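Each reported figure results from applying straightforward, stated rules to the coordinates on display, with no laboratory input. Everything numeric in this text was worked out from a predicted model, so none of it was measured. We place every Cβ from the backbone using ideal geometry, glycine too, and count neighbours over all the protein chains shown.
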Amino acid sequence: MNSLKKALVAGSVALMVAATMVLGGTAATAEPVTAGLTSQQQAAPEQCGYYTLGPVTARFSFYDHCGDGRVIIKIVYYIGSDEERCVGPGTSNLGLGVSNAYYDRPC
């Protein structure tokens, strides 16, 4: 796993803990964000495109652009307006509330 993915996963885990505390109680009673996930699911996937990490209550979304150059991706949210975002090669953290993201066109 490259250093960018490690940093994104570490930052996302901290945010997922905070979200779990808000949604589910205190740090002492909050379920670990990786509970119920296999070790394969806990590791950031080495794949291209959209993927998620975390339990259903705090699922963080990512888009990994494996090609060269910058591309526009369409981000589909569960609630609210969808958006387009120009991303470069590598992993982009899309945050919470995303149901899908996909390649649309070059920037």
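Side notes on the structure shown:
- In sequence order, the range 99-106 has phi-based couplings of 9, 6, 8, 8, 4, 10, 5, x Hz under the Karplus curve 6.51 cos²θ - 1.76 cosθ + 1.60, θ = phi - 60°, and Gly or Pro positions carry x.
- Each of 105, 59 was scored by other Cβ atoms within 10 Å of its Cβ. Arranged with the fewest first, they read 105, 59.
- Around the amide H of residue 107, modelled in the peptide plane, lie the amide H atoms of 70, 71, 72, all under 5 Å away and 5 or more residues distant in sequence or on another chain.
- Local net charge near residue 83, Cβ-Cβ under 12 Å (Lys/Arg +1, Asp/Glu -1): -1
- The phi torsions of the range 57-62, fed into the Karplus equation with coefficients 6.51, -1.76 and 1.60 and a -60° offset, translate into couplings of 6, 8, 8, 8, 10, 9 Hz, rounded to whole numbers, with Gly and Pro shown as x.
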